[in-house]
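A short worksheet on the structure shown next.
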Amino acid sequence: MSFVFSPAPVASVPVLGQAERYPVRRIYCVGRNYEEHAKEMGFTGREPPFFFLKPADALVVVNEGETGAMPYPSLTQNFHHEIELVVAIGTGGRNIKAADAEKHIFGYAVGLDMTRRDLQNDMKKQGRPWCIGKAFDHSAPIGPITPKAKAGNVNEAEIDLLVNGAVRQKSSVAKLIWNVAETIEHLSAAWELQPGDLIYTGTPEGVAAVVAGDTLVGRVAGLGTLTVKVDPAK
Ligand code: MN
């Protein structure tokens, strides 16, 4: 097969303990999936989970022990961090029941769902899609994937984010409104999941702005540390 120009490279994430990388197909994200974060965004009560996507090439892949770099994005004055547990799907399927979800998981990673909050809020007000607020270039930093057998009990892991050494977000994955298995059940009812699909599972409370020069350190217990610095706008 030949192409009129070279195809874009396949986005991929390193896997701890092995040379082969995890090739990424899609990035699904869950909205408002911790109660205290839903409250800070002005919502209460349990609602069905809802989803949005980011393009696979929005990933900023950061190797273990390294500091990644993401440019401050265009068009925003309110660039927010959202620390999240990321689930990496290893076996696809549709209409997966929560009780069967575990066997579809390849592993887990620490991710940041970076958000142009001012643009997202404008789109919400106007009833328009969130793409410009959520799915922009470099909006999805991620650390290496830990295979599930080595990840411990991520469903009860501490999750936190520090900016320049100060704690901004701190919670437990146990506080997810829709846990990982339930999220996979809902997501796979709407889309057929495939190997290579990442799921950003939602962020706890404490979202706030960062500026150029800030260093973000995100952690999920058992999954290592994701460190990213905000570079000046390109
Ligand atoms: Mn999020």
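The values are calculated or read from the model by the stated rules, or taken from the named source; none is laboratory data. Note that the coordinates shown come from a computational prediction; the quantities given were computed from them, not determined experimentally. Cβ sites come from the backbone with ideal geometry, for glycine too, and all protein chains shown count toward neighbours. Please note that ligands, DNA and RNA were not included when accessible areas were found on the heavy atoms of the full protein model with its side chains. Shrake-Rupley method; radii C 1.70, N 1.55, O 1.52, S 1.80 Å.
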Worksheet entry | Filter result for L187 (part of a helix (DSSP H, G or I), crowded, with 22+ Cβ neighbours inside 10 Å and within 16 Å of the ligand (Cβ to nearest atom)) | yes
Worksheet item: Hey, among A209, A174, A221, A181, which residue is without any contact (Cβ under 8 Å) to a residue 24 or more places away in the chain and touching a helix residue (DSSP H, G or I) at 6+ places or on another chain (Cβ under 9 Å)?
Response: A174
Worksheet item: Any residue at all in segment 75-87 that is surrounded by 20 or more Cβ atoms within 10 Å (Cβ to Cβ), under 21 Å from L193 (Cβ atoms) and acidic (D, E)?
Response: yes
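Given the options D118, D113, D122, D100, name the one that is open to solvent by 10 Å² or more (accessible area, probe 1.4 Å) and either under 15 Å from the mean Cα position of the chain (by Cα) or under 24 Å from A166 (Cβ atoms) (or both).
Result: D118 is the single residue among D118, D113, D122, D100 that is open to solvent by 10 Å² or more (accessible area, probe 1.4 Å) and either under 15 Å from the mean Cα position of the chain (by Cα) or under 24 Å from A166 (Cβ atoms) (or both).
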Worksheet item: Does any residue of segment 4-26 turn out to be under 16 Å from E84 (Cβ atoms), crowded, with 16+ Cβ neighbours inside 10 Å and within 16 Å of the ligand (Cβ to nearest atom)?
Response: yes
Worksheet item: With respect to the numbered conditions (1) within 16 Å of the ligand (Cβ to nearest atom); (2) among the hydrophobic types (A, V, I, L, M, F, W, C); (3) surrounded by fewer than 18 Cβ atoms within 10 Å (Cβ to Cβ), which one is the sole condition not fulfilled by L59?
Response: (3)
Worksheet item: Taking into account only those residues within segment 194-229 that are of a type in the set (D, E) and more than 19 Å from I27 (Cα to Cα), which is nearest to the ligand (Cβ to nearest atom)?
Response: E205
